[in-house]
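Before any comments, here is the structure.
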């Protein structure tokens, strides 16, 4: 069926009704097969994980999503605490990375001349080239130590009145994971926001400047509203990355199944509990961890679809998302 | 308007104008501050990689295998060679599929079916790497009954395909239509036109895509944890568990020994060095259109 459709599209693309030569048929079949491989991998991933997680899915039902008790030795597998850990770390990263990234993107598009914007843009994007495990190493030996000795105590002294800002800052913990994730998703949010902001038509800016607006007023009134859904899409793409991030988080989050009582407490995210416990897990424990992966896959799937739709809406169709 | 009213009105607008200018300056300052905040982490990471990594680099580091845990010295030859083999095999598996997929999208993808495949590739690019590792674990490792370098390569290939396929499609679509038309006018069928005219023209771009994919998967440890596993010993047998740089960094970073930490920094320096060199080379060759993202 697929091949019939292809023949049709091929004819119409050429604009003439040539008969399909054997070479062309083979060529279509081979490239079409590659597309089918992609389909098979994505579908296979959902099927395989569902199948592997089946014992846990059947034993736990839907309530595992909000059950927070996880005790492999008593066969209790509630995923709630890990979902909470993922939610806290990714939302923290999302908020702070987006604020910084949008300001940087505005600076690059609206203020900096080309000879400044290009290298700065490149340097920020290089952050995305550093492997997750290297972030983790740096997180333990540099960032974590800084949080324990300086940043953590300072936060408690000056922001102690904010809920959850107390406890004992350690090298590893929820807050270390939040900061590492913020740094890690910054380049993604920055690059996409920059492209979206650059796509705002010049006439929008000229119109408001002609009315006497200052540069910031121009950004606030003409640029940001126009780019809003694209910037939102950029933020959500960053969120998807934060949710699925594994090793950096596993190294710095402290790995504890407790519900964290404050922002310095150790915790788990969905990805880090898999990385940490899977090697020793057997039987139902193993199935439960694969169930966690399945939930993670479903969440990132939904997040990605939403983000793509938002970015496409602003930049106009598939062509504009080359860079991601 | 009396003189009195006039001067207060002007005074008020002038005050308002000054406030607006001041706020504009504050926000400009905020943007500049954000740039500084965004650049600091990279500077710090590179600084500590150099400071802590260089002391660990030695001849032994590259030519010896790890000692038994707790005995200082030794090197990470097995991890370096292992990474090379696993990543190389992932390229061999993934690149043909990715390029064929890119060709499919650029040649036959301007319809619903193409949009659907393009969407699948976006989805595939967003899948967390640890999930890919578990998928291959269930599909290959659990069925074969043992971990293997080959399984690790399969997992990395799955991460590679969406990156290379998207860039290939972009590069093929950049080839001018007139080249194609000239080929058709000479009576060449479509497949020959694509293979002999369009693809050679887009080749530098496609190679760029492959290099970017390479630098993306070279640093991945999460998909290897449950597939290639790791190996204390040197091996080139792809049916056996095999070590890799990112995975050994992970093990050493969490270990108790100081010389492990030193070697973890040195391995990170080597890994980031390789990735940055690829990234800079791609940039020099191809400008800013394409970038590396982990």
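Tabulated values for the structure
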item	result
Sorted by Cβ density within 10 Å, fewest first, the residues A:62, B:86, B:54, B:275	A:62, B:54, B:275, B:86
Mean Cα-pair separation over length for chain B, i.e. relative contact order, pairs under 8 Å, 6 or more apart, %	24
Pairwise label distance in nanometres, residue A:228 with residue A:168, each label 7 Å out on the Cα-Cβ vector	4.7
Förster radius 41 Å - calculated FRET efficiency between residue A:33 and residue A:209, Cβ distance, rounded to 0.05	0.15
Highest average packing first - A:95-108, A:239-252, Cβ atoms within 10 Å	A:239-252, A:95-108
Shielding score for B:39-46, defined as the mean number of other chain Cβ atoms within 10 Å	6
Test item: A:26-33 mean partner chain Cβ contacts at 10 Å	6
Length-normalised contact order of the stretch A:95-177 in % [C-alpha pairs under 8 Å, at least 6 apart]	24
Rounded, prolate or oblate (a/c below 1.5 giving rounded, otherwise prolate when a/b exceeds b/c) for the protein assembly as shown by Cα gyration tensor	oblate
The stretch B:197-240: Rg to Rh, with Rh as the Kirkwood radius over Cα pairs	1.21
Extended-chain gain in nm, criterion 0.36 nm per residue less alpha-carbon gap, residue A:309 and residue A:259	14.6 nm
For A:184-193, mean number of other protein chain Cβ atoms within 10 Å	2
Rounded, prolate or oblate (a/c below 1.5 giving rounded, otherwise prolate when a/b exceeds b/c) for chain B by Cα gyration tensor	oblate
Modelled FRET efficiency - R0 51 Å, residue A:149 with residue A:21, Cβ distances, 0.05 increments	0.10
Cα centroid separation, the stretch B:8-52 to the stretch A:211-254 (Å)	17
Computed [θ] at 222 nm, helices only, for chain A once each DSSP H run of length n ≥ 4 contributes -39500 (n - 2.57)	-22000 deg cm²/dmol
Calculated SAXS-style log₁₀ I(q)/I(0) at q = 0.10 Å⁻¹ - chain A, Debye, Cα scatterers	-0.75
Using a Förster distance of 45 Å, the FRET efficiency for residue A:43-residue B:50 (Cβ separation, nearest 0.05)	0.50
Cα-derived Rg to Rh of the stretch A:28-126, Kirkwood definition	1.23
Separation in nanometres of the label points that stand 7 Å from Cα toward Cβ, at residue B:10 and residue B:119	6.4
Between the stretch A:138-183 and the stretch B:104-163, the Cα center-to-center distance that results, in Å	36
Contact order relative to length of chain A, as percent, for alpha carbon pairs under 8 angstrom and 6 or more apart	24
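Every number in this text was worked out from the coordinates using simple rules, so none of it is lab data. Fair warning: this is a prediction, and the values are worked out from it, not measured in the lab. Methodologically, a virtual Cβ is constructed for each residue, glycine included, from the backbone with ideal geometry; neighbour enumeration extends over all protein chains shown.
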